[in-house]
Amino acid sequence: MRIALARPRPRRTARLLFGALLTAALAFSVSGTATAAIDKGDFTANARTDVYMRDIASDTGFEPHGAIYSSFFNSPDIKICPTAVECASHTNPIVGSTSYIFVNLRNNGPYGSGIGNGTLKAYYTTSGGAANWPMHWTPIGSKTLPVAPGVTTTSIAWPNVPSIGHFCLLLRWESATDPMLFEGTATSINTQYNNNIAWKNANTVPAGGGVVTDRPYAMANALAEPAPFDLAFRPLGEPAPGVKVVADLGPELFERWRAAGGKGEGIEVVGRSAVQIVDPYKAQIKGLLIKPEERPVVKLSFTTSQTLQKAYTLQVVQVGPASKLGESFDVGGVDYTFEPRKG
């Protein structure tokens, strides 16, 4: 299948490194699911607008953003708050409640100017790594509004939050004068190649007292055939003492992994289908075979035997598969922040 991409845009020299990522983007566009991009050169300078949401703190709206290995799944422009009054930081939604998704829309993007008119749409999926668009995403709500130059903060209500309460969020700004550059089945590629798509995967984990906290972590495959993926564990900063992390793959995924050689690094098998993270600096579970259109859920269990003195964040990322160039790319992940217990 041939995919039409928009005319080349101005990019900084560092963005030339994304040639390999573009190859991956085309590979992840399963036949019949990718949409042809609208040629943005058809818009006049006065008609073209460019509202964007940041993927990372240093994102200035260029597509694709940042460096190849930078995180794109924890947007600083998205947060969940428990009330209609904006909160200071992202919080986990409470099951059964009405939560509010606050979003910063930035109207100073590099590809247009003027007031942007469009619709902000919010979606959720099970917390985890990769997710396929639109199959794995459930609509939450939307809001149509004008966005003046500068930063506009708005919110979308999320009534009756469903069970579990640990989700990934996807926000999309859809506008006739600010169309998508490229869309395929891989949410990771869509997010990096469209500055009007942003992904928020973040969870807080209460720490202390030896309590075990479980979190679901869903994996996915946007390719047309089964492929091996890695699950990587990356501490953001100095690992906290006394933190124990166990990944229960479940019987089927565990057997696939063992049949493929049970490869990994910084891990050891515990129990019938679980793997414990022994070295948080380089732990990887390698070669997890994921089939197209399935969504296996890994249960992550976090235990802290010591009282934390400060917050600690562990990033869990789905990686791969390796391209023909021999490189693997992050396809999604979650930042888990361990917070000291209060009181």
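Roughly speaking, what is the stretch gain from THR303 to LYS282, that is 0.36 nm per residue apart minus the C-alpha to C-alpha distance, in nm to one decimal?
Residue separation times 0.36 nm, minus the Cα-Cα distance, leaves 5.7 nm.
Calculate one ³J(HN,Hα) per residue across region 333-339 by plugging θ = phi - 60° into the Karplus curve 6.51 cos²θ - 1.76 cosθ + 1.60, and present them in order as whole Hz with x for glycine and proline.
x, 9, 9, 9, 9, 7, 10
Could you calculate the FRET efficiency of ASN108 with ALA88 from 1/(1 + (r/R0)^6), where r is the beta carbon distance between them and R0 is 30 Å, rounded to 0.05?
It comes out at approximately 0.80.
Hey, can you grab everything whose amide H is under 5 Å from the amide H of THR204? Only 5+ residues off in sequence or another chain; H modelled, so Pro and N-termini drop out.
So THR204 has HN proximity to ASN92, THR337.
Under a 5 Å amide H to amide H cut-off, with H placed in plane at 1.01 Å, what residues pair with LYS79 once short-range neighbours are removed?
PHE102
Report ³J(HN,Hα) in whole Hz for each residue of region 110-116, in order, from the Karplus equation J = 6.51 cos²θ - 1.76 cosθ + 1.60 where θ = phi - 60°; Gly and Pro get x.
Per residue, the Karplus-derived 3J(HN,Hα) values read x, 10, x, 7, x, 5, x Hz.
Can you give me the distance in nm between label points at SER142 and ALA259, each placed 7 Å from the Cα along the Cα-to-Cβ direction?
4.2
In whole Å, how far is the Cα centre of region 214-267 from that of region 183-205?
20
Which pairs break 23 Å Cα to Cα here: LYS286/LYS310; LYS79/LYS143; LYS244/LYS282? Walk me through the intermediate numbers first.
Details: LYS286/LYS310 31 Å; LYS79/LYS143 16 Å; LYS244/LYS282 15 Å.
Those over the limit are LYS286/LYS310.
With the full set of protein chains in place, find how many percent of the accessible area of region 68-169 is carbon and sulfur; take the probe as 1.4 Å. Walk me through the intermediate numbers first.
Working: 2370 of 4150 Å².
Summing carbon and sulfur atoms, their accessible area is 57 percent of the total for region 68-169.
Relative contact order for region 251-301 using alpha-carbon pairs under 8 Å, separation at least 6, rounded to a whole percent?
36
Alpha carbons only, please: Rg and Dmax for region 202-326, in angstrom.
My reading of the Cα-based Rg and Dmax gives 14.9, 47 Å.
Considering amide H positions built from the backbone, and no H for Pro or chain starts, which residues 5 or more places from LEU308, or on another chain, come under 5 Å of its amide H?
Excluding prolines and chain starts, which carry no amide H, the hits are ARG341.
Per residue of region 288-302, in order, report the coupling 6.51 cos²θ - 1.76 cosθ + 1.60 (Karplus, θ = phi - 60°) as ³J(HN,Hα) in whole Hz, putting x for Gly and Pro.
Listing the rounded values in order: 7, 7, 10, 8, x, 6, 9, 9, x, 10, 8, 8, 9, 10, 10 Hz.
The values are calculated or read from the model by the stated rules, or taken from the named source; none is laboratory data. Quick caveat, the model's predicted, so the values are computed rather than measured. Every residue, glycine among them, receives a Cβ derived from its backbone with ideal geometry; neighbour counts consider all protein chains shown. Surface areas here come from the heavy atoms of the whole protein model, side chains and all, with no ligands, DNA or RNA. Shrake-Rupley method; radii C 1.70, N 1.55, O 1.52, S 1.80 Å.
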